[in-house]
Every structure is written in C-alpha cells, then in structure tokens.
C-alpha cells in the first residue's frame, strides 16, 4: 500500500482531526504560528520496550515511532544513505513487521558519535499497517498513563 493509498488519519486517532493547518503555499510568520499544527509525530520508545529494526542484515535501535515513520540510531552514518529505499523489518516484541521505507535524514545525535536517522514509511501492506496501528494505540496509552503517574 503506497502513501497515497494509506489513510494516515485512520491510524492516528489521538490527533486533532479538525485543527487548523497552514496553507501549503503560505509562509509562516509570528502572527500565524499558533495555527500551524504538525501533521504527524513520533513517540519515544520506552527503555522497557523491546523494539528494534533490521535493515540489510544490520540491527538498529529504534528511538521513536509513529504511523508514518520511525527514528533509529547508527554508529556509522555511511551504513545508510538518505533518499534510499530499504526493506525494513521492525521487531516489536514477538512480532515482526516488514515494509519499505526510505531514510529521510541522518543527523548527529550527541557527543557519543551516534547518528539519528529519520525513516519514512513508503509502502506497507494493510495487514502490517493494522498491526502497527494496534501497537501505536497501546504504546500511546501506556506512554501517557505512565507520564500521568
């Protein structure tokens, strides 16, 4: 299923559906910043979550996740190339989800020498999409329940 075929809002029920958005052809200035709402977001992965990604036989730590992509870390920025598509295997506990994604950016994380890679999902089956949706719903509830304690 491609981006155009996917109904992104269907798998993000906690987002504001009727929130105002900046028109695509306009320029943001201080007077309208409050009306700009981010279209999507990724939630942090908790230390106790057992989630990692595998790309071309290499294992990567997943640091955040959302319905449209995820963030991973790598010690070597030359392992992955931006704007390149890869088959991803996302391991969530006992489940493995396979989909196509591309590396949107590679940025230095911190002083550790690690790099953060932003990953955009570009193609996934409906079955995998539903499994990811279920995880996101459960993870979201868990994340915000723990933060409220």
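If you scan region 118-131, which residues turn out to be touching a strand residue (DSSP E or B) at 6+ places or on another chain (Cβ under 7 Å) and under 15 Å from residue 87 (Cβ atoms)? Even if it seems obvious, please write down each step before you answer.
Quick first cut of region 118-131, residues touching a strand residue (DSSP E or B) at 6+ places or on another chain (Cβ under 7 Å) only: 118-124, 128, 131.
Those that are touching a strand residue (DSSP E or B) at 6+ places or on another chain (Cβ under 7 Å) and under 15 Å from residue 87 (Cβ atoms): 119, 120, 121, 122, 123, 124, 128.
Limited to region 94-107, what total is found for residues that are closer than 24 Å to residue 78 by Cα and touching a residue at least 24 places away in the same chain (Cβ under 8 Å)? Lay out the reasoning, then the answer.
Start the filter on region 94-107 by keeping residues that are closer than 24 Å to residue 78 by Cα, which leaves 98-107.
Narrowing the set further to residues that are touching a residue at least 24 places away in the same chain (Cβ under 8 Å) leaves 98-101, 104, 106.
Result for region 94-107: 6.
I'd like to check something: does region 113-127 contain any residue that is loosely packed, with under 13 Cβ neighbours inside 10 Å and at pLDDT below 90? Explain how you work it out, then say what you get.
Of all residues in region 113-127, those loosely packed, with under 13 Cβ neighbours inside 10 Å come to 113, 125-127.
Subsequent filtering for residues that are at pLDDT below 90 retains 113.
Yes, because at least one residue in region 113-127 is loosely packed, with under 13 Cβ neighbours inside 10 Å and at pLDDT below 90.
Can you spot a residue in region 58-71 that is closer than 15 Å to residue 121 by Cβ and either out of contact with any strand residue (DSSP E or B) (no Cβ under 7 Å at 6 or more places or on another chain) or surrounded by fewer than 12 Cβ atoms within 10 Å (Cβ to Cβ) (or both)?
Yes, because at least one residue in region 58-71 is closer than 15 Å to residue 121 by Cβ and either out of contact with any strand residue (DSSP E or B) (no Cβ under 7 Å at 6 or more places or on another chain) or surrounded by fewer than 12 Cβ atoms within 10 Å (Cβ to Cβ) (or both).
So residue 134 fits all but one of (1) surrounded by 12 or more Cβ atoms within 10 Å (Cβ to Cβ); (2) closer than 17 Å to residue 53 by Cα; (3) out of contact with any strand residue (DSSP E or B) (no Cβ under 6 Å at 6 or more places or on another chain); (4) free of Cβ contacts under 8 Å to residues at least 24 places away in the same chain; what number is the exception?
(2)
The values are calculated or read from the model by the stated rules, or taken from the named source; none is laboratory data. Owing to the predicted nature of the structure, the values given are computational and were not obtained by experimental measurement. Methodologically, a virtual Cβ is constructed for each residue, glycine included, from the backbone with ideal geometry; neighbour enumeration extends over all protein chains shown.
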